[in-house]
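Before any comments, here is the structure.
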Amino acid sequence: MSFLSQLADREQVFTFLTPTDSPVDVRHGPILYLEDVNVSFDGFKAINNLNLTIDDGELRCIIGPNGAGKTTMMDIITGKTRPDTGSVWFGSRHNLLNMNEPDIASLGIGRKFQKPTVFEALTIFENLELAMATDKRILPTLTARMLPEYRERIEEVLETIGLTELLSRPAGILSHGQKQWLEIGMLLMQRPRLLLVDEPVAGMTEQEMERTAELLTSLAGKQSVVVVEHDMGFVRSIARKVTVLHQGSVLAEGSMDQVSNDPEVVKVYLGEGI
Ligand code: ADP
Ligand code: MG
């Protein structure tokens, strides 16, 4: 019996809802829009008049020295941190500053933290099943009738993250890199419109980094992906448009070549190289 149907037998309380009835409206503008956002922590301006727009389906890399405000920016988008002033919109319909964290997540904003948090004792397949079962938007009925659809989605995601052959192995046997892909897969189960990924390749081997580059690049177009990453080689390998944050503001934006030749950016990265 599938893990999901066991869950159904135990719970029997799930009701089926169609996916969110308030789709993101990107007909006239970007999918994500931050305007004049400010955040202070005890008088220290972590985010300082930040302006940022992300287009639907775009893959954006965000770079910047330590303390530039990259993680705080993600905290603001996901509702974890409230800005002091400014606007944050998801499409033209959803003012994220009026919403709490779970509601923002269920609009289709998925966030991948640095440390993988897969369930090691469950199989790869079960991890993906569980990710779907916790989707607030499509709390499934978990009936046998629905299972083929779930299975199809899981197979699709397994293919995308390259773990099809390991589907019935416990997640605990996966390498660090494979766990990161599984966690991205768990986010994909919920069909996010925007994926926020914080330092995906930290601790990965060269080969895993290459595979992660392919994975993130393949996601773009289907959803918007914002990648914060320190590894410049990696950023260069996936970069389309790059935003450089510094002291809580955008210092430069453009292609990797444009930003890495920008004298202001070079100054900020002095000694580190870009
Ligand atoms: P990055 O991710 O670019 O390295 P962060 O967004 O983590 O930068 O941090 C930006 C700045 O804000 C840093 O100087 C950090 O120390 C500070 N900061 C972040 N979160 C908090 C917090 N909850 N309380 C106080 N200071 C914070
Ligand atoms: Mg950070």
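Highlighted here are the strands (runs of 3 or more DSSP E) found entirely within the range 193-272 that include at least 3 residues which are away from ligand 2 (no atom under 16 Å from the Cβ): 249-254. The condition of being surrounded by 15 or more Cβ atoms within 10 Å (Cβ to Cβ) and within 17 Å of the chain's Cα centre (by Cα) holds for only one of Leu215, Leu251, Leu167, Leu245, that being Leu215. I'm trying to understand the selection: among the residues of the range 72-90, which are under 14 Å from Asn48 (Cα atoms) and assigned to a helix (DSSP H, G or I)? Passing the criteria: Thr72, Met73, Ile76. Within the range 70-88, being without any contact (Cβ under 8 Å) to a residue 24 or more places away in the chain and crowded, with 17+ Cβ neighbours inside 10 Å holds for one residue alone: Asp75. So which of Leu245, Leu251 ends up being within 15 Å of ligand 1 (Cβ to nearest atom), in contact (Cβ under 8 Å) with a residue 12 or more places away in the chain, more than 18 Å from Val201 (Cα to Cα) and in contact with an Asp or Glu (Cβ under 9 Å, 6 or more places away or on another chain)? Matching residue, one of Leu245, Leu251: Leu251.
Across the range 89-105, what is the number of residues that are touching a residue at least 40 places away in the same chain (Cβ under 8 Å) and touching a Leu at 6+ places or on another chain (Cβ under 7 Å)? Before you say what the answer is, go through the steps one by one.
Taking the range 89-105 first, the residues touching a residue at least 40 places away in the same chain (Cβ under 8 Å) are 89-94.
Checking which are touching a Leu at 6+ places or on another chain (Cβ under 7 Å) leaves us with 89-90, 94.
Residues in the range 89-105 being touching a residue at least 40 places away in the same chain (Cβ under 8 Å) and touching a Leu at 6+ places or on another chain (Cβ under 7 Å): 3 in total.
Considered as a group, the residues in the range 91-111 that are under 19 Å from Glu35 (Cα atoms) and part of a helix (DSSP H, G or I) include one that is farthest from ligand 2 (Cβ to nearest atom), and that residue is Asn98.
Going by the structure shown, is Gly67 surrounded by fewer than 20 Cβ atoms within 10 Å (Cβ to Cβ), under 16 Å from Gln247 (Cα atoms) and within 16 Å of ligand 2 (Cβ to nearest atom)?
Working: surrounded by fewer than 20 Cβ atoms within 10 Å (Cβ to Cβ): yes; under 16 Å from Gln247 (Cα atoms): yes; within 16 Å of ligand 2 (Cβ to nearest atom): yes.
Taking the combined requirement at face value, the residue satisfies it.
Between Glu264, Glu199, Glu206, Glu214, which is free of Cβ contacts under 8 Å to residues at least 24 places away in the same chain, of a type in the set (D, E, K, R) and closer than 29 Å to Leu107 by Cβ? Show your work before the answer.
On the way: Glu264 fails: closer than 29 Å to Leu107 by Cβ; Glu199 fails: free of Cβ contacts under 8 Å to residues at least 24 places away in the same chain; Glu206 fails: closer than 29 Å to Leu107 by Cβ.
Just one listed residue meets the conditions, Glu214.
Read-outs throughout are calculated quantities, based only on the coordinates presented, and are distinct from any laboratory measurement. Note that the structure is predicted; figures quoted are calculated from it, not measured. Don't worry about glycine lacking a Cβ; one is built from the backbone with ideal geometry, like all the others, and counts go over all protein chains shown.
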